[in-house]
Structure formats: structure tokens, C-alpha cells
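First the structure, in the form of C-alpha cells, and then the observations on it.
The values are calculated or read from the model by the stated rules, or taken from the named source; none is laboratory data. In this text, all values refer to a predicted model and were calculated from it rather than measured experimentally. Methodologically, a virtual Cβ is constructed for each residue, glycine included, from the backbone with ideal geometry; neighbour enumeration extends over all protein chains shown. We work out accessible area using only protein heavy atoms, side chains counted, and drop any ligands, DNA or RNA first. Shrake-Rupley method; radii C 1.70, N 1.55, O 1.52, S 1.80 Å.
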Amino acid sequence: METRSITLPACAAVLLAGIGCTLLAAFQPQLLVLWIGLFVAAALVTFFLVRRGLRAQALGVARYVTELSALPVKAPIADSAFGPVLNAAAQNNREVQGRQNILQESRHQLETLLEGMQDAVLGVDAAGRVQWSNGPMRRLMNRDTAGGSVRHGHALVHTFRDPALLAAVQTTLDQHTPCECRSEYVLPGRIFQVNASPLPGGGAVVVLHDRTEAEEMERTQRDFVANVSHELRTPLTSIVGYVETVIDHETLSGPAREFLDTVLKNASRMHRLTEDLLLLARVEQAENPLDLQPVEAETLLRDALRTVSGSSYAETARFEIAGTTTRNVLADENAIMQVLGNLLENAVKYSSGRPDPPHVVVGVTEHASTGMVEFRVQDFGPGIPSEHLPRIFERFYRVEKARSRATGGTGLGLSIARHLVEQHGGRIWVESSLGEGSTFLFTLPVTD
Ligand code: ADP
């Protein structure tokens, strides 16, 4: 404002002096020198005034810019030629400040969340150097009797020595995919579930979940079940054996035979249950190492079909082979017979009556891209409702409890099958549509 008030009259004086010089040059040339002198003087005064005004403005802007960089800014300059620009900058500044506050708030919430977690968490950058860690992680590593601690800014190997954990994190960093593993070497005597997840801008978050107590409890449960099953096995074998002998006796009365029939049926069921429980305990603890040999996939399928089609429950069933391969798979023959036997038995049992006789289609297909052979057992029974599909391979899980019990099922067959297939490095799953039937599929690795 002040600059404008000085500059305008000065400019007007210079302009008038200029016009005067021109007119005098035309009408009174003798006063020309005086007028030129006046013109030069006005121009000089204007120059110095404008310069002083601009300097004052520049100082104002400089002060304001300094305030802008030191957030938050005070009042914007309103009475300046640069007012609109500076006001816009101030507005922009307020928005940046607002966004920064929100970011700080989110960061604070995230830090509180990470600190409040029971799991130990740390972050690594794309080069695998530790960038940050939460309190549980720091406390965990300080408990290390070897005196280890979380080494921020250093490669992960300076914090953890476990090869499985380091490999999982490296896979996540290289492939930008989540990776998990079980680690027994983070701390002596502790077992951790390790989950590494990629970060959007590179790097990864590593979460360590302590599973020591949970695994201990699961082991105690398994041991208990295995011990009880083992203790029951001998008396049950003897009950079944004696009842089978007595039931054939000619002198037996009708009601007595009926009672013994019931005893035999239930004792046989308990016997099957104890056998399945013992088998499950063995496969879960990987007690029996697999005897892996190259074996033709088709041979496995045909052998299993031969065994099942000779059983009484499959007398009327119609089996069809659709698709085979001569490729060898790396498999323990007995284990895969157990898996195929269970799937074929289920296909017959759970589709009996629909269609009548039960129709079962089996096949093997090679998937060269994955290096796997896929085994398939399809039935055309009632199918399995979709809500049961994710849980069907769990221990004792049955879709229709009454029907499973009536067919003599223990609810353990699929659970055993899953463990056996996974021990081979394969995968087992089911596809099913209500009213159309179910297809159970599993894969085994191809071998030359
Ligand atoms: P079970 O001894 O009861 O047959 P499994 O573990 O073999 O135990 O099967 C678990 C449950 O899955 C069964 O009880 C049954 O409800 C369901 N199931 C398995 N196979 C089929 C199938 N082919 N069709 C329909 N339901 C099935």
C-alpha cells in the first residue's frame, strides 16, 4: 500500500516532466535545459523510492516464507502486492499441516497397536536390514541367553540365526509373496510360527507367534489318545474274536444270537475307531517315515480298485476308469492304498441308493507344468453342502453324523488321508455340488 502511494505520484511526475520537455522543445527551446534537469531529477527520485518500496516488500515476503517453513504459520500478509499469492500459500500450508496431523495420528495408532500386540513384530527393508521392531520383539530377543538383541540397521542374520526363518523372509523379499515357517531356533526351547508379509514399497514385516504351549498341549492330547487307543486295542480284539466264535454256535437261541450280534457290531466299531486313532497318531507325529518308491500311478489306482471292489459294501457298485497315465509317482504304496481305499469306500457308502447301484469314476492325470499327477475319485451321490467343505478333512468332522455312524464311519478317514498326502508333498481337496455328487482329488509328485 505504502509503496504504491509513493510510486504512483513519482511515476506521474516523471510522465509530466517528459510531456513538458517535449512541449517546451517545440515552443520554448530556451527553457529546455531546465525541464530536462527536472525530468532527470524526477526519474532519479522515482527510481530510489520504488527500490526502497520493493526492498520493504521483499523483506516482508522473506519473513513470511520463513514463517511458512516453520509450521504453523501466523497471520498471512494482507496489505502487500504479494498478498493473494501468500494467502494461497498459507491456505496450502494449512492443508499440508492438516494432512501431516492425520498422518501423525495414524502413525501413533499403529505404533500403539504394534506395541500392544502379544506377537513379536519387526520390519526389514528391501535389502533385508532391520528397520524397526515392537516391544515384545525387543523383550523376546533380550531374553536370549546368548545375549542377542534386535540389531536395527543391520542384516536380519545379526538378529536371527535360524535358516528356516531367514529363508522365509528372503523368499518374501524376492518374490513379494507372504511366506510362513515353523522355527525352533529363535530361542532355545521355544517354538514359533513365523509369518513374513511383503510391504508395498519393498521390504517385509515379520511376525513371530509363540506356539510352544499350544504345541505342548496338542502333543499331550495326541499321546493321551494314542495311549488309550493302544490300551483298548487288545481287549477289543479279544472281545470281537470270542463273540465271532460263540455266535456261530448251533445251540444258540434266537435272542442270544441277536444280543451277540449287537455286541459284535459295537465292538467292531470300537475296534475300527481305536485302529484309526492309532494310525492318525502315528501319521500326525510322522512316526512311520514313508517308504517312498517310484510306482506307476495307474497301477496304484487299479490295485486300490481291485481291493475295494472285492469288499462286501461295494458288491453292487459300478467302477469306471476315465483317463490314466503311465507316469511314475514317488509314493509309499501302503500309504496311498490307505488314501485311495478311504476315498473309494466313502464314494460308495455316501452315494449308495443315489444312483442305485452306486457309480464311481476314477482317473489319474499328469500335470507337466506342476510336476504332479492328479488322482480323482468321483461319485454321483447327494454331494456335500458348501459350508462343510472347508472342514471336511478335520478330525471327527462329519456332515451327517447319523448317516456316518450308520455306515460304520469313524470321522477320521479323510484326516488320515490329508496327513498322508501332505507327507508326500501333495495336496488333497474336494469339489462338490449338492444333488450332483462329489469329486475328491489329490496330487503326488512325478518321478522319472
Ligand atoms: P467317515 O469315517 O465318517 O466316513 P471320513 O473322514 O472318511 O469319515 O469322512 C468325513 C465325513 O465326510 C463323512 O462323515 C461324510 O459326512 C463326509 N463325506 C466323505 N466322503 C463323502 C462323499 N463322497 N460324499 C458325501 N459325503 C462324504
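Any idea which of (1) open to solvent by 20 Å² or more (accessible area, probe 1.4 Å); (2) in a helix (DSSP H, G or I) is the one Asp291 doesn't satisfy?
(2)
Go through the range 415-448 and report how many residues are assigned to a helix (DSSP H, G or I) and either more than 9 Å from the ligand (Cβ to nearest atom) or open to solvent by 20 Å² or more (accessible area, probe 1.4 Å) (or both). So that I can check it myself, show each step before the final result.
Residues of the range 415-448 that are assigned to a helix (DSSP H, G or I), as a first pass: 415-423.
Narrowing the set further to residues that are either more than 9 Å from the ligand (Cβ to nearest atom) or open to solvent by 20 Å² or more (accessible area, probe 1.4 Å) (or both) leaves 418-423.
Number of matching residues: 6.
Just checking, which of Thr177, Thr171, Thr220 is over 30 Å from Thr410 (Cα atoms) and out of contact with any Pro (no Cβ under 8 Å at 6 or more places or on another chain)?
Numbers: Thr177 fails: out of contact with any Pro (no Cβ under 8 Å at 6 or more places or on another chain); Thr220 fails: over 30 Å from Thr410 (Cα atoms).
One residue alone meets the criteria, Thr171.
Out of all the residues in the range 269-288, which are assigned to a helix (DSSP H, G or I) and without any contact (Cβ under 8 Å) to a residue 60 or more places away in the chain?
Met270, His271, Thr274, Glu275, Leu278, Ala281, Arg282 - these are the residues of the range 269-288 that are assigned to a helix (DSSP H, G or I) and without any contact (Cβ under 8 Å) to a residue 60 or more places away in the chain.
What are the residues in the range 231-257 that are at pLDDT 90 or above and either open to solvent by 90 Å² or more (accessible area, probe 1.4 Å) or of a type in the set (Asp, Glu) (or both), if any?
Glu231, Thr234, Tyr242, Glu244, Thr245
Scan the range 327-368 for residues that are within 19 Å of Trp429 (Cα to Cα) and of a type in the set (Ser, Thr, Tyr) and jot them down.
The answer is Tyr350, Ser351, Thr365.
Going through the range 316-351 one residue at a time, which ones are under 22 Å from Asn288 (Cα atoms) and within 10 Å of the ligand (Cβ to nearest atom)?
If the condition is that a residue be under 22 Å from Asn288 (Cα atoms) and within 10 Å of the ligand (Cβ to nearest atom), then Asn342, Leu343 are the ones that fit.
Please find, among Arg405, Arg354, the residue that is near the ligand (Cβ under 9 Å from one of its atoms), basic (Lys, Arg) and out of contact with any helix residue (DSSP H, G or I) (no Cβ under 8 Å at 6 or more places or on another chain).
The match here is Arg405.
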